[in-house]
Amino acid sequence: MPKLSAIPDHLTAWVLGSPASLLGQVAAWCQGRSSQWPCVRALFLQFNPTCAACGGKKGLQVHHMVPVHLSPSRELDTKNLIVLCEDNCCHLMVGHLGSFLSFNPDVEQDAGRQLTKIKNRPRIHATAAADTLRLNLPPLLPPIGASDEPGVDLTRPGCPGEGALW
Ligand SMILES: [Zn+2]
Ligand SMILES: [Zn+2]
C-alpha cells in the first residue's frame, strides 16, 4: 500500500473519515493503475476535446464507463472511455449518478441525449417583448447565497464531490 502522501490531496480529503478498509481499496486502486494511463488519457482528450454530456470545454475528465476496479482489462480501452466535465458536474451526475461510489451503466446514451437536448434547447426569452416584460418583473429567485433552505449552500462553487481520478 502506498503512503498516504502518494494519493492526490482531493482524494485524501474524500477518504478521510472513511473506514480504513476503504482507504486500503483506494490505495490499492491507485497502485494498480497502468503507467500508460496518463498517455492514453491525454490522447483521448486530444481527440475528444469537449464534454460528451454538455459540450463544455472546461474541467474535462476522462471517465471509465465500466469502472476500472470492475474491469481492469478495460482500463486503456478507448471504447470504455468518455469525456465528461467537472465544471458542469457532468462527471459526477451523468457518469456516477451523483456519487463517486457508483457509476451509470447508461452513461453513453444519457450523455448523448443530454447533449442533443442542450444543443436544441429552447430560449425562454425568445422575443424582445418578452425581454422587456422580464426586465419589468421583480426577481423570482433570491440572489445567489441568499437561500435559507437547509442543506443548500449556493455560495459554494463546483460540484458536491471530488473525482478527478474516477
Ligand atoms: Zn459537461
Ligand atoms: Zn468517472
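Between a residue in segment 52-68 that is over 14 Å from VAL40 (Cβ atoms) and any residue that is within 8 Å of ligand 2 (Cβ to nearest atom), which pairs come within a Cβ distance under 6 Å, given they are 6 or more apart or on different chains?
That search, which allows pairs on different chains as well, returns ALA53/LEU84; PRO67/PHE103.
Can you go through THR78, THR127 and tell me which one is more than 16 Å from ligand 2 (Cβ to nearest atom) and modelled with pLDDT of 60 or more? Spell out the reasoning first.
Numbers: THR78 fails: more than 16 Å from ligand 2 (Cβ to nearest atom).
One residue alone meets the criteria, THR127.
The values are calculated or read from the model by the stated rules, or taken from the named source; none is laboratory data. These numbers come from a predicted model, not from an experiment. Virtual Cβ from ideal backbone geometry, glycine too; neighbours counted across all protein chains shown.
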